[in-house]
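Here the structure is laid out as structure tokens; the discussion comes afterwards.
Read-outs: derived from the displayed coordinates by stated rules, not from any lab. On a predicted model such as this, the values are computed, not experimentally measured, just so you know.
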Amino acid sequence: MIAPSILSADFARLADEAAAVAGSDWLHVDVMDAHFVPNLTLGLPVVTSLRAATDIPLDCHLMIDDPDRWAVGYAEAGAHNVTVHAEAAEDPVAIAKDLRAAGALAGLSIKPGTPLEPHVEVLKHYDTLLVMSVEPGFGGQRFMVEVLDKVRAARRLVDTGHLKLILEIDGGINADTIEQAAEAGVDCFVAGSAVYDAEDPGRAVEALRALASAHTTHLR
């Protein structure tokens, strides 16, 4: 699965930018509040408008404080997957239940320096795990290969039946890094500049999908 990140798109033309990647599996939407991360992007009104402008399932990544209060609103607005950060959630199990009740998949994200092990039990309540391969907040950062150890550990837990999750990765994904991530066991790849800086974003999505497919072993 490829999820282009509109963080790298032209915010003045979001409907057109979504149309340019019409063959994508998900459309990744980074919501930042300038508190949890040192950047401010877009919020619920823009997500609501974008939902009306595209049929691509929206993958909303909430890099915000107090997701316990705000997350369900994104599910109610029609987001397909709503991801909150383990580092910010006060009651992640309750959030997961509320998101599912509102009709969305529930996602949990961990920053590069956050270990996986303390969150394994909580992840039994979630549908997706988003491993950050850069520090959250800004696009265009260098891929942190060391986080792939967490991906491999999560992949083992999924393959052995301990967890039932879509494994997602976000940060620095491009033609040079997607192969390593695929080999580690990732299911869904978030890509920003690798898609939207390309001359043809739709073709860039297909090229990334082909690379990921060629190096994915857990689905064979």
Revision key, fill the gap. Computed over segment 2-124, the Cα gyration tensor eigenvalues, each multiplied by 5 and square-rooted, give semi-axes in Å (largest first) of 24, 15, 13
Review point. Which distance in Å, rounded to a whole number, links the C-alpha centroids of segment 172-219 and segment 38-92?
Key: 23
**Study point:** Chain lengthening between E179 and V46 when straightened (0.36 nm per residue, less Cα-Cα)
**Key:** 44.6 nm
**Study point:** For the chain, alpha-carbon Rg relative to the globular expectation (2.2 N^0.38 Å, N residues)
**Key:** 0.92
Practice item. Against the globular-protein guess of 2.2 N^0.38 Å, express the Cα radius of gyration of segment 53-156 as a ratio, rounded to two decimals. Key: 1.05
Point to revise | P(r) tail fraction, segment 135-220 - alpha-carbon pairs more than 15 Å apart, % | key: 57
Study note, to complete from the structure: Bridge orientation stat for the chain from DSSP, antiparallel percent rounded to 5, came to 5
Review point. After finding the eigenvalues of the alpha carbon gyration tensor for segment 12-58, what semi-axes result from the square roots of 5 times each, listed largest first in whole Å?
Key: 21, 11, 9
**Study point:** Alpha-carbon radius of gyration plus Dmax, which is the widest Cα pair, for segment 96-142 in Å
**Key:** 12.5, 37
Exercise for review: Grab the DSSP H runs of the chain that are 4 residues or longer, score each as -39,500 (n - 2.57), total them, divide by all residues and round the 222 nm result to the nearest 500 deg cm²/dmol.
Suggested key: -9500 deg cm²/dmol
